[in-house]
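Inspection log for the structure reproduced underneath, given as structure tokens.
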Amino acid sequence: MFKFLRKKIQSLTETQQNILTVILILINLGIFIFWISFWVSLPETITPPLVEEKPTPEILEPLKPGEVGEISEEGQVVSGSEIAFFVQNTTGTIQEIKEDRIIVQGDGQNFADRKPRILTIIFTENTITQKLGGGNQRFGFKGLEQLKPGMNILISAVENIRGKIEFKADIINIL
């Protein structure tokens, strides 16, 4: 390869060789200036940015657990170790169907004391009612038409429903 280049350069006239030499010198000079400017612009030491300690954000109201069913000993509230702080699902049996809500006999799994309670499940325009597995979906208040007293349902909510007896449902699965 070098022999080929040498033969090509030797076949050039003296003027062409001088122009090629100047071009190569300018390219090398440009690379040299670039590296010098790069190394000069680097800071001597890199210091990490100062991190301000921010106060712990308060838990939003919909994410706070309710107080119903909390286990108390001598006036102190004890968190139930067998139930998570954030609960989104519960099951129950429909007792009554109203215009924008249903009354359900909950099984108690969203309470620390695990005792069944009457729950009020509020429907919104975004509530999805469906058979378990996603079949026959209805949106909003039309989902109330699918429900009948005595049906077992799985209720899902975006908010924390731990210890709450009234909350908005996002998805109702008919079991």
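Brief remarks on what is shown
- Output for the range 91-115, where each listed residue is among the basic types (Lys, Arg) and part of a strand (DSSP E or B): ARG101
- For the range 125-146, filtering for residues that are within 23 Å of PHE86 (Cα to Cα) and surrounded by 13 or more Cβ atoms within 10 Å (Cβ to Cβ) leaves 3.
- Number of the condition not met by THR21 [criteria: (1) of a type in the set (Val, Ile, Thr); (2) closer than 22 Å to GLU166 by Cβ; (3) modelled with pLDDT of 85 or more]: (2)
- Residue match in the range 147-158 (condition: touching a Lys or Arg at 6+ places or on another chain (Cβ under 9 Å), more than 17 Å from GLN88 (Cβ to Cβ) and either surrounded by 13 or more Cβ atoms within 10 Å (Cβ to Cβ) or of a type outside the set (Gly, Ala, Ser) (or both)): no
- Hey, ILE118 surrounded by fewer than 16 Cβ atoms within 10 Å (Cβ to Cβ), touching a strand residue (DSSP E or B) at 6+ places or on another chain (Cβ under 9 Å) and not in a loop (DSSP other than H, G, I, E, B) or not: yes
- Subset tally (residues that are assigned to a loop (DSSP other than H, G, I, E, B), touching a residue at least 12 places away in the same chain (Cβ under 8 Å) and at positive phi) for the range 134-157: 1
The values are calculated or read from the model by the stated rules, or taken from the named source; none is laboratory data. Since the structure is predicted, the reported quantities are computational estimates derived from the model, not experimental observations. All Cβ positions, glycine included, derive from the backbone under ideal geometry; neighbour counts span all protein chains shown.
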